[in-house]
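The values are calculated or read from the model by the stated rules, or taken from the named source; none is laboratory data. These numbers were taken from a predicted model, which means no experiment stands behind them. Positions of Cβ are generated from backbone atoms using ideal geometry, with glycine treated the same way; all protein chains shown enter the neighbour counts. Heavy atoms of the whole protein, side chains included, go into the accessibility calculation; ligands, DNA and RNA do not. Shrake-Rupley method; radii C 1.70, N 1.55, O 1.52, S 1.80 Å.
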Amino acid sequence: MKSREIRQSFFDFFAEKGHTILRSAPVIPADDPTLLFTNAGMNQFKDVFLGKGTRPYNRAADTQKCIRASGKHNDLEDVGRDTYHHTFFEMLGNWSFGDYYKEEAIGWAWELLTGVWGLPKERLYATVFHDDDESLQIWQKQTDIDPSHILRFGEKDNFWEMGETGPCGPCSEIHIDLTPDCSGGKLVNAGDYRVMELWNLVFIQYNRQNDGRLEPLPQKHVDTGMGFERITAVLQGKGSNYDTDVFSPLFDRITEITGVPYGATLDGQTDIAMRVIADHARTLTFAISDGAMPSNEGRGYVLRRILRRALRYSKNLGYHEPIINQLVATLADSMGDVFPELRNQQETVSKIIKAEEESFIVTLDRGIEIFNEVIEKVKASGKTVIKGKDAFKLYDTYGFPFDLTRLMASDVGFQVDGEGFEHCMQEQKLRARTDRREKQQVHDEAAEWHWFAEKSRTIFEGYDRLEMPVSIVGARYSRGKLLLVLESTPFYAESGGQVGDKGWIETTTYRLHVTDTLKDGDAFVHVVTEAFDKILDTTVNPGDICLDVNQLSAEASVDRHLRQETERNHTATHLLHGALRRVLGQHVQQKGSYVNAERLRFDFSHFSKLSESEIEEVESLVNEQIRKAQEVNRHADVPYEEAIAKGALAFFGDKYADRVRVVEIPDISVELCGGTHVDNIGRIGLFKIVSESSVASGVRRIEALTGKAAERLLWREHRELQEVRHLLKAKGDEPVTEKLAVLMESKKGLEKQLQDFRMQKLLQNAESFLDEAVEEKGISVLVRHVDGVTADELRMIGQALLEKLKSRKVPGTGLLSSIEAGKVSLVSYASNEPSCTCQFDSGALIREAAKFVQGGGGGKPELSTAGGKDPSGEHKAFEAFRVAVKKLIEN
């Protein structure tokens, strides 16, 4: 049977048993931000097992895309080195939600394996939980399995739990003995590939309590899982999952690309490399097709590690170009009928992977050089452990994930100091934490809070009102500032990328200027930096204010203009996010934002620089939405599950409460958001992108203006354009760009003529430099500083002197230097005549000189260049050069 026939026969079998056949859920669990990847078939039914959700069916079957490459379930290190581990795999499964139970699950599993697929019964073993007599009796009475092949095991192997508490139950596993003489009974659950698990039947019948007790569930469920790649290998008579037709199209394509055939050996280095590349290509293609993006955090970093690991292995095939992107089409062709998203996203996925590969290849070779230098240094010390700080340098500077460094080290019999690496990581995080803005540190100072009432959560009223009576419940004096906590407030505290409100708090005596609002746990802290004493009619230092009981009731008012401008920009980020996902693809995810009254900044995942046409399309789409002037629907206190069901975006790593606030703009955006927004998108007025740039690998940034700020920008650009037209004397509709192009081309031509003339004069004068050379035993030695020339011009002078010496057939060498903008340029030349017993290498000589200007360089033996940042070392560099040359001549 072909693999697709095996998969289809599984579907057909359970469809006949009354099961609804489902499409695989995405490998990126959109409704569970706590989970990096879907790693089991049951993930999409977690709410049913927890009693929080239902389905319109009570029997289901599917093949579920799974990734296990991080956390508790992590097969990454084993991939390629054995016959059956994968980071991506399919899980065939069937479920019963309060319908059938053990008898049907066990009977149907046996029927499919032995009756439909014809597996030899004498090779099959069944395991049961040690006190699950019910399952044991079903195996004995409902199947014709050899009774001696029914084995009892403990909790480690045969009891399934979702977590420390919650749904759980015994399981029964089916194993197959692949030993030649069927002698593998003792190898069941022993971790030996010759006797491996095929199918796990989980019977969810208990609820684990906090105290460890097991209480029976009101409904019992069945959850089964069978590795598709494993059963395919068994049915196709292969000794390895990688030898099946699931992987053969990938190996054929890798061979076509690299010219290296797949030999199907277990320990051959090229075969291991091909298995790793094939497996990792599957993981990357499926994950990115479902919306994941390589990045430096969360699941994105897992994908980046996997991609870089595969690229490292491609070097074992002698291939040094992007390769994984070339396998996307192969996967789309071989698996796209079952997983249509592969074909729908093929072009986008290929571009994303290629961009990632090209980015890493730039630093990979240099990183490998550094790694080899580290290895030589460790060898010289007589040790076999790479220091953590060296591994961290490879990670921090060259993007080498720690496990990649560990892999490369193990290839040469070395280890890596993992604790030392982790220490360096923690030190970096500590430095980042201590570099926070001062206003984020005000809550950590030694000054104490004065509480006029019991400290409690500040109630935010600012969605509906900007002015209101308030009660001051806490105060603190810090660095000339007065920090106030209110019982309830109209001021929005900075969070979610939106800045805190500004405004005023007015007591009977003081008018307090609030210049920022921050969060301190559940309390909103109002930062007062200016104060006015209404009785004395004078300004006072906020830190000198003494609040008494009569000053605790006040009136609070938010700066309405600043709030409204900020709201325009915040709502615009939602429109921008929706437009980017529509124009660039659903892989786009918000990675950060900052909105204030002046402008907005939006960071998002994308693999390449946006083209001018893409920027124009995004901006046009946002403005088109603004012109529709639709109402912004804000839904408060919505159950999280309900919000996700309505399509609200939730991302891994973000923390959400059980009840959330949803901001919906019809037709383009539904997001979980606690910020403030305009009530109608028409109030944004105008949206204008001012810049698009890179923030990090795989993360782009757009900065934009809205409303009057965007209008002012357009008027300024219009005035500047009119001024340019006037200067160029452009008439009517005459294109300004063409006149500018002509003018710039003319300027470039004049500059070249001037440069050619200047260089001609320099070279004429340079010939006289040789007259200054010192002759040492018939060899010309020149050391000279050249004023007012660039590094390129100095190199051309060196080349001219070299050619002159060759034309005269005079052996010689020289060092030239120039200083420009505080930087030193060095050029060395060496003319070696066959008749001369002394031979010079300009590269070796210039390295001696470059040490004294704190620089380095390189080049050919005849002409080499170097640079440095310390002009004061020029004299020492000259002397070092003279000494090195004299030694060569004397020797």
key: Label point distance in nm, Y463-Q722, each placed 7 Å from Cα along Cα→Cβ   = 4.6 nm
inquiry  = Given points 7 Å out from each Cα along the Cα-Cβ axis, report the T20 to L50 separation in nanometres with one decimal.
reply    = 2.0 nm
request  = Calculate, for K315 and D870, the FRET efficiency according to 1/(1 + (r/R0)^6) with r their C-beta to C-beta distance and R0 30 Å; round to the nearest 0.05.
outcome  = 0.20
ask   = How would you rank 391-397, 138-144, 785-791, highest first, on the average number of other Cβ atoms within 10 Å across their residues?
value = 391-397, 138-144, 785-791
Residues with amide H under 5 Å from that of Q64, placed H, sequence gap 5 or more = M91, L92, G93
message = Test of understanding: what is the full-extension gain from D211 to V362, defined as 0.36 nm times their sequence separation minus their Cα-Cα distance?
response = 48.9 nm
request  = Could you state the accessible area per residue of the range 315-365 in Å², with a 1.4 Å probe and every protein chain left in place?
outcome  = 42 Å²
key: Inter-centroid distance (Cα atoms) of the range 312-360 relative to the range 154-203, Å   = 35 Å
remark   = Under the Karplus relation with 6.51, -1.76 and 1.60 and θ = phi - 60°, whole-Hz ³J(HN,Hα) for the range 572-580, x at Gly and Pro, equal 5, 5, 5, 5, 4, 4, x, 5, 4
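Full-extension gain between S608 and E767, please, as 0.36 nm times their residue separation minus the C-alpha to C-alpha distance.
Here the answer is 52.2 nm.
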task = Return a whole-number percent for the relative contact order of the range 474-578, with Cα pairs under 8 Å and 6 or more residues apart as the contact set.
result = 27 percent
Two-site FRET efficiency, N891 against E155, from Cβ-Cβ distance with R₀ of 60 Å, rounded to 0.05 = 0.15
ask   = What spacing in nm lies between the two simple spin-label points modelled at E642 and E5, each 7 Å away from Cα in the Cβ direction?
value = 5.1 nm
task = Give a residue-ordered list of calculated ³J(HN,Hα) values for the range 672-682 (Karplus: 6.51 cos²θ - 1.76 cosθ + 1.60, θ = phi - 60°; whole Hz; x for Gly, Pro).
result = 7, 7, x, x, 9, 9, 5, 7, 9, 5, x
ask   = Taking amide hydrogens as modeled 1.01 Å from N in the peptide plane, which residues meet the under 5 Å criterion relative to V783, leaving out close sequence neighbours?
value = V774, L815
Value at 222 nm in deg cm²/dmol, rounded to 500, when DSSP H runs of n ≥ 4 in the chain each add -39,500 (n - 2.57) = -12000 deg cm²/dmol
request  = For the range 683-786, compute the number of Lys pairs whose alpha carbons are separated by less than 17 Å, excluding pairs fewer than 8 positions apart on the same chain.
outcome  = 6
remark   = The long-range amide H neighbours of V660, using H built 1.01 Å from N in the peptide plane and a cut-off of under 5 Å, are D637, V638, Y640
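Among DSSP beta bridges lying fully in the chain, give the percent that are antiparallel, nearest 5.
90 percent
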query = Stretch S620-K383 to full length: gain in nm at 0.36 nm per residue minus the Cα-Cα span?
reply = 79.1 nm
query = Using the Karplus equation 6.51 cos²θ - 1.76 cosθ + 1.60 (θ = phi - 60°), what ³J(HN,Hα) coupling, rounded to whole Hz, does each residue of the range 692-704 give in order, writing x for Gly and Pro?
reply = 9, 8, 9, 9, 7, 4, x, 10, 10, 10, 10, 10, 8
inquiry  = What whole-number distance in Å separates the alpha-carbon centres of the range 576-608 and the range 498-545?
reply    = 34 Å
note = Shape call for the range 1-108, from the Cα gyration tensor axes a ≥ b ≥ c (a/c under 1.5 means rounded, otherwise prolate when a/b beats b/c, else oblate), comes out oblate
message = For the chain, what does the relative contact order come out to in percent, with C-alpha contacts under 8 Å and a separation of six or more?
response = 6 percent
key: Of all accessible heavy-atom area on the range 730-811, the percent that carbon and sulfur account for (1.4 Å)   = 54 percent
ask   = Using the Cα gyration tensor of the range 85-205, with a ≥ b ≥ c the square roots of its eigenvalues, what is the shape: rounded (a/c below 1.5), prolate (a/b larger than b/c) or oblate (neither)?
value = rounded
